[in-house]
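Each remark here refers to the structure printed beneath this line.
The values are calculated or read from the model by the stated rules, or taken from the named source; none is laboratory data. For clarity, every value in this text was computed on a predicted model and none was experimentally measured. When we count neighbours, we look across all protein chains shown, and the Cβ atoms used for this are built from the backbone with ideal geometry, even at glycine. When the accessible area is computed, the model is the full protein with side chains, heavy atoms only, and any ligands, DNA or RNA have been set aside. Shrake-Rupley method; radii C 1.70, N 1.55, O 1.52, S 1.80 Å.
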Amino acid sequence: MHLRLERLASLGLALLLAAMPVRAFADTEAAPRKVAVVITQAVGVGALADRLGAIASTVAAESGAAVLDPAASSSQLRAAGGPDPLTCGSDATCLRKIAEALGVRWVIGIGIGRFGGIYGLELRLVDRSAAAAPAGTSATWAEPGPDWEVAMRDALAGVLPEELQQQRKGTLLVRANEPGELFVDGAPAGTLPLEAPVEIAAGSHEVELRGAGGSARSTVEVQPGARAEIELVLAPALDPAPPSRWTSTGKWVAGGTTVALFAGAIATHLAAAGAMDDARAQKDAGDPFASTRQDALDRLDVARLLYTATVAAALGTAALWYFDEMPPDAPASIGAP
């Protein structure tokens, strides 16, 4: 009889020990993919804490998880006699007790405060099914603070497990006036006409269509779970305007200068010849002629200078004319055979 009782006690103990891991496993599987968002600190920020809690709840829900927002979490914790989130701060043990009281797998704790013109944000995430240390991140900003939607999503990306970071996607439908190859952010994305909308990550994207008739480009904003539609019109690329060539204008300016110099040289030469004739007539008549002769010689010197300048201008005009007649892409080689 005594031996039978010992055997029964041993059997009961074995069953109890076997049930313990099953019980622990059942606790963690009781609420798969369920998240509670709680506010663990809110100092001098007014309604900002509620807004950040709503953003965190939305992000967690985008992964398909069931989410308790801060208001629902606080209500259920009071009913269950669980810890007050505001007394937890970043304490992992306290956050795990919240997870057990709410029957959720994950708890996201949000601490936000404003101290002397500086905003401070702290996030903590505990996973009741894992023994690992909680994930956490923190950041600070000067007033007026960041774009809180962007800042909160960036912070959550650093603490959420892969299961809660399912990529947000949308679809894109592109229409065009003719077929072409579609590129999204520079990567091939299909051929128009599309058989179905293209699935792409949510956010802003650069869309380009290349076809026989030219190309078209546009920027589109894709919302999570929504379809964006754009229409592109292919247009041929315009030929660039020919580059301005200063030689085209220069050759005419130089040519006009050459003509003017030559005309001035001839006129001065004729005036010098006339003055020399006057000097000879004065000499034959016995009148003073020295000053008239000197005037003629001075004019002749000016005429020589003008002739020299005319030759130089004519050479410059010829060079400009030569280079202007060359094709724009031809190398300017002087002295080449």
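Rounded to the nearest whole Hz, the Karplus-based 3J(HN,Hα) values (6.51 cos²θ - 1.76 cosθ + 1.60, θ = phi - 60°) of the stretch 221-231 follow the sequence 9, 9, 8, x, x, 10, 10, 9, 10, 9, 10, with x at glycine and proline. Taking 0.36 nm per residue of separation and subtracting the current Cα-Cα distance, fully stretching the chain between Thr219 and Ala260 would add 8.8 nm. Label separation (Ile118 vs Ala47): 2.8 nm, computed from points 7 Å beyond Cα along the C-beta direction.
Estimated at 0.36 nm per residue, the fully extended path between Leu315 and Ser248 surpasses their Cα-Cα distance by 22.5 nm. The Rg/Rh ratio of the stretch 176-297, with Rg taken over Cα atoms and Rh as the Kirkwood radius over Cα pairs, comes to 1.81. Note on His205: accessible area approximately 20 square angstrom, rounded to 10, probe 1.4 Å, nucleic acids and ligands left out. Ordered from highest to lowest accessible area with the whole protein assembly present and a 1.4 Å probe, Lys169, Lys251 read as Lys169, Lys251.
Subtracting the Cα-Cα distance of Ala201 and Tyr307 from 0.36 nm times their residue separation leaves 30.4 nm of extension gain. Convex hull volume per residue, computed on the Cα atoms of the stretch 252-299, equals 41 Å³. Per-residue Karplus couplings for the stretch 85-93, computed as 6.51 cos²θ - 1.76 cosθ + 1.60 with θ equal to phi - 60°, are listed in order as x, 5, 8, 7, x, 9, 5, 5, 5 Hz, Gly and Pro entered as x.
With a Förster radius of 41 Å applied to the beta-carbon distance between Arg210 and Glu100, the computed FRET efficiency rounds to 0.10. The percentage of C-alpha pairs in the stretch 112-230 whose separation is greater than 25 Å is 48%.
Bridgeable aspartates and glutamates around Lys97 (alpha carbons under 20 Å apart, same-chain partners fewer than 8 residues away excluded): Asp27, Glu29, Asp69, Asp84, Glu122, Asp127. Label reach from Ala281 (point 7 Å along Cα→C-beta): in the stretch 289-308, amide nitrogens under 14 Å belong to 289, 292-293.
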